[in-house]
Amino acid sequence: MDIFGRQEKVQRYEDFVDRRLKPDLVRAVGERSDLRKNIENLEKNGVSSLRSLVNLGSEVYLEADVPDTRHIFVDVGLGFHVEFTWSEAINFILVKEASLNTFVKVLESCSNFMQSDTYDAFSVCNGAAQRQVLLPSPNNANGS
């Protein structure tokens, strides 16, 4: 890959990260942080029931009665929701926030690495290594 092709690829990657991934990550971290604060407030104030507005989509809201707040459903991704106690939800949120922050660091590292001169050599070596792992030799079919 020539220098111009690499620069173009790096620029497209950085644009994607800056325009799509970073805003999504910031929004996700913010939502998790808000949820954690709300759960902590419920715990601190000893709230056992509440009324809330639920967004049904397209900014259409419905008032909901929550008779028992000891358990909540948390969106864990890919359209799945899990029922948690307050402490379980807070633990999940802390782990998820740490995971998202690690992902941001990985994206930044990838961007920095792609700008380096070693990118082409690494790509070749990485591709060869993946082929070596994915396609074991016939003499060594059991992986040992």
>> Condition first: more than 24 Å from the chain's Cα centre (by Cα) and free of Cβ contacts under 8 Å to residues at least 40 places away in the same chain. Can you find one or more residues in region 70-91 that meet it?
In response: yes
>> So in region 23-55, with the set limited to residues that are over 23 Å from T102 (Cβ atoms), aliphatic (A, V, I, L, M) and out of contact with any strand residue (DSSP E or B) (no Cβ under 7 Å at 6 or more places or on another chain), which one is surrounded by the most Cβ atoms within 10 Å (Cβ to Cβ)?
In response: L42
> Restricting region 56-110 to residues that are assigned to a strand (DSSP E or B), of a type in the set (D, E) and at pLDDT 90 or above, which is farthest from P23 (Cα to Cα)?
Replying inline: D65
> Considering region 56-84 alone, what residues qualify as being open to solvent by 40 Å² or more (accessible area, probe 1.4 Å) and among the polar types (S, T, N, Q)?
Replying inline: S58
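Checking the structure you have, find out if any residue of region 23-33 is under 17 Å from W86 (Cα atoms), within 26 Å of the chain's Cα centre (by Cα), not charged (D, E, K, R) and not in a strand (DSSP E or B).
Among the residues of region 23-33, at least one is under 17 Å from W86 (Cα atoms), within 26 Å of the chain's Cα centre (by Cα), not charged (D, E, K, R) and not in a strand (DSSP E or B), which makes the answer yes.
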>> Report every pair of residues separated by at least 6 positions or lying on different chains whose Cβ atoms are under 6 Å apart, first residue within region 24-40 and modelled with pLDDT of 85 or more, second among the small types (G, A, S) and surrounded by 12 or more Cβ atoms within 10 Å (Cβ to Cβ).
In response: I39/A89
> Has region 25-38 got any residue that is of a type outside the set (K, R) and closer than 16 Å to E108 by Cα?
Replying inline: yes
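The values are calculated or read from the model by the stated rules, or taken from the named source; none is laboratory data. Keep in mind the model is a prediction, meaning the values are calculated, not measured. Here the Cβ is made from the backbone with ideal geometry for all residues, glycine too, and neighbour counts use every protein chain on show. The protein model used for the area step is the full one, side chains on, heavy atoms only, and it has no ligands, DNA or RNA in it. Shrake-Rupley method; radii C 1.70, N 1.55, O 1.52, S 1.80 Å.
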